[in-house]
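Undergrad: Can you read through this structure? Questions will come right after.
The values are calculated or read from the model by the stated rules, or taken from the named source; none is laboratory data. Quantities reported herein were computed from a predicted structural model and do not represent experimental measurements. Neighbour counts are summed over all protein chains in view; Cβ atoms, including those assigned to glycine, are modelled from backbone coordinates with ideal geometry.
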Amino acid sequence: MDKRIVILISGRGSNMEAIVQRCAEQRWPAQVVAVIANKASAGGLGFAAGQGISTAVVEHKAHPSREAFDAELARVIDGFQPDLVVLAGFMRILGAAFVQRYEGRMINIHPSLLPAFPGLHTHRRALQAGCKAVGATVHLVTAELDHGPIVMQSVVPVRPGDDEHTLAARVLATEHVIYPLSVRWFVEGKLAIEDGLVRQTDGASQVLM
């Protein structure tokens, strides 16, 4: 039976688009069954609806607390019975109880080579630190923000004259490669967690250079 994927977004959802497209083109044993946003204005909702994917909005501002928002979001997610929850530019910090509910079946992508530069403004901070390479990290979600077992990383050299915008654009292009691939590995059962580390069971490289 196909694995059921629910994707959470806050904006245009370019990583969501990449996952939806690769899933169809490569005939994964999976289906994106819903795209859920925390803003009705999220541009990615239109793309998802155009693909015949169910959409939903759970406005964080409509709830009096993070716990109340998390509870409603979980209720909506669970209605789609997902095997995997994918955070694709979902700009809300999720509480520990929510994360625990989906432990082992929720993944995120972050635009840095974690554990370096968790949080916001990653490219600006990397440039200020004089980093010679940056990248992106796909990881399983844990209660600690932008941590959790690493599934795959991309490495992007910093070029002379780069600013945070040029760097962000090149990193995003690699995200559109490593995130769909990581999701495919998950739904195909090709990821194993051993001693807190994620191993690709076919021996495929977990680094995109």
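Undergrad: Do any helices (runs of 4 or more DSSP H) entirely within the stretch 61-152 hold 3 or more residues that are assigned by TED's automatic domain parsing to the domain that holds Ile36, and if so, which?
TA: On the way: elements: 66-78, 96-101, 122-128.
It comes to 66-78, 96-101.
Undergrad: Given the options Arg184, Arg159, Arg199, name the one that is touching a residue at least 40 places away in the same chain (Cβ under 8 Å), among the charged types (D, E, K, R), surrounded by fewer than 19 Cβ atoms within 10 Å (Cβ to Cβ) and not assigned by TED's automatic domain parsing to the domain that holds Ile5.
TA: Checking each option against the conditions leaves just Arg184.
Undergrad: If the requirement is being farther than 24 Å from Ala18 by Cβ and either modelled with pLDDT of 95 or more or in contact with a Leu (Cβ under 8 Å, 6 or more places away or on another chain) (or both), which of these qualifies: Arg105, Arg124?
TA: Arg124
Undergrad: Also, quick follow-up: Just for the stretch 1-37: of the residues that are surrounded by fewer than 18 Cβ atoms within 10 Å (Cβ to Cβ) and among the polar types (S, T, N, Q), which one is farthest from the chain's Cα centre (by Cα)?
TA: Gln26
Undergrad: Could you tell me whether Glu194 is farther than 22 Å from Val86 by Cβ and at pLDDT below 95?
TA: Yes: the conditions hold for Glu194.
Undergrad: Does any residue of the stretch 104-113 turn out to be out of contact with any strand residue (DSSP E or B) (no Cβ under 8 Å at 6 or more places or on another chain) and on the phi < 0 side of the Ramachandran plot?
TA: No, there is no match, as no residue in the stretch 104-113 is out of contact with any strand residue (DSSP E or B) (no Cβ under 8 Å at 6 or more places or on another chain) and on the phi < 0 side of the Ramachandran plot.
Undergrad: If only one of Val171, Val155 is in contact with a Pro (Cβ under 8 Å, 6 or more places away or on another chain) and either modelled with pLDDT of 95 or more or acidic (Asp, Glu) (or both), which one is it?
TA: Unique residue meeting the criteria: Val171.
Undergrad: On the basis of being under 23 Å from Gly148 (Cβ atoms) and at pLDDT 95 or above, does Val6 make the cut?
TA: Working: under 23 Å from Gly148 (Cβ atoms): yes; at pLDDT 95 or above: yes.
Judged against the criteria, Val6 is a match.
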